[in-house]
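Structure record follows, encoded as structure tokens.
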Amino acid sequence: MYNKKYIQQADVYKKEDNKQDRVKNVYWGEVISIEDETEGGRIKVRIDGLDNQIKNTNLAECYPLMPKFFHIYPVKGEIVRIILEDVRYPQRGRYWIGSIISQLQKITFDNRFSALSTTNAAISQPQPAPSTFPDAEGVYPKIEDVAILGRKNTDIILRERDIEMRAGQHELVNNLKLNKSNPASIRLSFDITTGLTETVSSNIHMADKIALISHDGIPKYKAAQLDAADRDKIFSEAHPLGRGDVIVDALELLRKAIIEHVHPYSGVPVDKSGIVIDLEKVDFTQLLQKNIVIN
């Protein structure tokens, strides 16, 4: 039956086949192993019906369909789609694409029982959509967005004239509740003014702590592979950034104190009144933004 070809005609609406059962070449399979000494993306997948009598160690290798420019591996126990190069030889020429994730709230891991819940091969019902949870608004991209989602609380969302890169977008133990207290984000926006004739661009960085580090700055820090200890070192040693407007206000007080201060007569300390009293009240530690540092 594999040698009988489909009959193709110029008119696509008059295409006929050979009346035989159609050949299936796309399957669902469970990921058994992602170990590959070449790190080339080869994995082992068990396909029901084709691999029932085969041990895990003897499963055929499956090759990635995604180009190396986009790096993603499935997790053991997840489901992927398998395309057979030649259905006559199902144990060779297997290609995988996935993981198959049923819904956004399952992005960390979706097991074989729920992954197919939104497909024609479903064996369980899907969960309610994230948009039905009021606290989840803003956690996941909208239908019209283009996005890249990490497995564990990270994403990049491309909206209309707006790009946002986030870490910690949802609460630590609830991926259906927006983190409104301390997500780390970089947001690039290109807005059109009310008159629709001018534009304004903005770049906003938000986090509990922010560091702007130069490789040639003083002190110097590691240039790559920073871990939590390296980050702690930067925030404890680097120089706090100054609050410009507060610095200017303090300098103005200093200038007025120098110009306007009064001595009762020569050799006697300055009269502590007016501008001098105001200067004594200044808390110079408020000049520093200790959570934004530079080197």
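Some notes on this structure:
- Criterion: in contact with a strand residue (DSSP E or B) (Cβ under 8 Å, 6 or more places away or on another chain), at pLDDT 90 or above and surrounded by 11 or more Cβ atoms within 10 Å (Cβ to Cβ) - qualifying residue of Ile163, Ile204: Ile163
- Residue match in segment 174-196 (condition: touching a residue at least 12 places away in the same chain (Cβ under 8 Å), more than 19 Å from the chain's Cα centre (by Cα) and assigned to a loop (DSSP other than H, G, I, E, B)): no
- Residue in segment 123-141 that is modelled with pLDDT of 95 or more, surrounded by 15 or more Cβ atoms within 10 Å (Cβ to Cβ) and among the acidic types (Asp, Glu) present: no
- Inside segment 228-239, residues that are surrounded by 10 or more Cβ atoms within 10 Å (Cβ to Cβ) and under 17 Å from Ile292 (Cβ atoms) make up a count of 8.
- Residue count, segment 23-47 (criterion: part of a loop (DSSP other than H, G, I, E, B) and buried (at least 17 other Cβ atoms within 10 Å of the Cβ)): 3
- Residue among Arg112, Arg92, Arg81 that is among the basic types (Lys, Arg) and either in the same structural domain as Val173 (by TED's automatic domain parsing) or surrounded by fewer than 17 Cβ atoms within 10 Å (Cβ to Cβ) (or both): Arg92
- Tabulated pairs, segment 231-256, first among the small types (Gly, Ala, Ser), second part of a helix (DSSP H, G or I), C-beta under 9 angstrom, 6+ apart or interchain: Gly242/Leu287; Ala250/Leu279; Ala250/Phe284; Ala250/Gln286; Ala250/Leu287
- Just one of the numbered conditions (1) within 15 Å of Ile47 (Cβ to Cβ); (2) modelled with pLDDT of 95 or more is not true of Ser181: (1).
- Residues (under 18 Å from Lys290 (Cα atoms) and either without any contact (Cβ under 8 Å) to a residue 40 or more places away in the chain or outside any loop (DSSP other than H, G, I, E, B) (or both)) located in segment 205-227: His205, Met206, Ala207, Ile210, Ala211, Leu212
The values are calculated or read from the model by the stated rules, or taken from the named source; none is laboratory data. Values in this document were obtained by computation on a predicted structure and should not be read as measured data. We place every Cβ from the backbone using ideal geometry, glycine too, and count neighbours over all the protein chains shown.
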